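The values are calculated or read from the model by the stated rules, or taken from the named source; none is laboratory data. From a predicted model like this one, the values you see are computed outputs, not experimental measurements. Cβ coordinates were reconstructed from backbone atoms using ideal geometry, including for glycine residues, and neighbour counts include every protein chain displayed. Surface accessibility is based on the protein's heavy atoms, side chains included, excluding ligands, DNA and RNA. Shrake-Rupley method; radii C 1.70, N 1.55, O 1.52, S 1.80 Å.
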Amino acid sequence: MKIVIPSRYASTRLPGKPLADIAGKPMIVRVWEQAVQAFDCKDSVYVAADDERIIDAVEAVGANAVMTRTDHVSGTDRIAEVAEIQKWADDEIIINVQGDEPLIPPCLIREVGECLARNTRAHMATAACPITEISEVNNSNAVKVVMDKMGRALYFSRSPIPFDRDCKVDLAQENTPYYRHIGIYAYRVKALKNLATLPPASIETLESLEQLRALYNGMTIMVERLKEAPPAGVDTPEDLEGVRRYFI
C-alpha cells in the first residue's frame, strides 16, 4: 500500500501554500509526517510536486519526492503520473492524501486504505462522517454522499441528499441518512489509470465534483463511515492561522 501526497505550488488564496510555515516546518512536511504515521513506514509515502522548491523541502527531511508535470488539472492526474513513473502494479493500492491537511489523522488514512483492501471488487474507497446540523445539509460547500446498505456510494452532491420531503429527519438519530464526504481517496492503480484517461462527465461538470466521473463510468466507490469529522484542511489565511495556533 502506497500513500501519495499531490502538491501544487500555485494557490489563488495562499500563494506557495505547500511551503507555508507551521511552527518551523513547511505545511507539506507536516502533512508528510502525518502520512508516515499511518503505516509507520516513510518508504511507502511519496510527495508528488510540480515545483523544485517543494521537492527540496521534502527531500530535506528524507521524504520520497517525485517531480510531476505542471499542467495537471487535478491531484488524481498527478498521482496517476507517479504510478506510471514508479511502475506500480495494477493491483497496488494508492491512498491520495491532500497536501493541505497538516492535521489529518493517521488512523483515517489507514482506515480508507484498509477499506479498499477489504472490498476486493471495489475500484476506490473514500470516507464520510455524519452531518448533525441542518445548516451543513444545506451548505453547498459541504459535499453530501448517499450510500447503499453495503457502503457503496450511490451519489455525491452539493445539494441536500437525500431530500427530506416531509421534514421528518432527526439529525441527532444514530442512523442519520446525512453524511458529509471527506476528501480522501484510495485507488487500485488500474482504476486510477483508467480514471485519468476518461473525459469529464456531465454530472461532474454540473456539480464540480471529480469523483462523479468514477460513478458515471460504473466504478464502485466504497465509503468508510467515520464517527466524527476530522480536522479541516487549509484553504484560507484564516485556516492557516488556526492550524498554527494548534502547534503552539
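Could you report the range 168-248's accessible area per residue, 1.4 Å probe, as an integer in Å²? Please list the in-between numbers first.
Details: 4540 Å² over 81 residues.
On a per-residue basis, 56 Å².
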- Note on the structure: Percent of all Cα-Cα pairs per 5 Å bin for the range 111-180, counting from 0 up to the last occupied bin, reads 3, 16, 26, 23, 16, 9, 6, 1
- Which cross-chain or sequence-distant (5 or more) residues have an amide H under 5 Å from the amide H of MET147, H modelled 1.01 Å from N in plane? LEU154
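Which of the pairs LYS87/LYS193; LYS144/LYS227; LYS17/LYS227 have their Cα atoms more than 21 Å apart in this structure?
Numbers: LYS87/LYS193 12 Å; LYS144/LYS227 15 Å; LYS17/LYS227 30 Å.
As for pairs spanning more than 21 Å Cα to Cα, those are LYS17/LYS227.
Once you sort the root eigenvalues of the Cα gyration tensor of the range 134-248 as a ≥ b ≥ c, which label holds: rounded (a/c under 1.5), prolate (a/b larger than b/c) or oblate (the other case)?
Numbers: a/c = 1.69, a/b = 1.11, b/c = 1.53.
Oblate, because a/c is 1.5 or more while a/b does not exceed b/c.
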- Message: Using C-alpha positions alone, give me the convex hull volume of the range 68-172 per residue in cubic angstrom.
- Response: 151 Å³
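Taking every DSSP beta bridge that has both residues in the chain, what percent is antiparallel when rounded to the nearest 5?
Values: 19 of 36 bridges.
Here the antiparallel bridges make up roughly 55 percent for the chain.
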- Task: Could you run the Debye sum over the Cα atoms of the chain, one equal point scatterer each and no solvent, and tell me log10 of I(q)/I(0) at q = 0.08, 0.14 Å⁻¹, two decimals?
- Result: -0.30, -0.95
- Item | Ranked order, PHE247, PHE156 - accessible area, probe 1.4 Å, largest first | PHE247, PHE156
- Item | Folded to 0 to 90 degrees: helix 75-86 orientation relative to the chain principal axis, Cα | 50 degrees
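Select from the range 101-158 those trypsin sites (Lys or Arg not before Pro) which occupy a DSSP coil region and have at most 14 other Cβ atoms within 10 Å, ordered by residue number. Intermediate values should be presented prior to the final figure.
Working: sites: ARG110, ARG118, ARG121, LYS144, LYS149, ARG152, ARG158; in loops: ARG121, LYS149, ARG158.
Passing both the DSSP loop test and the Cβ count: ARG121, LYS149.
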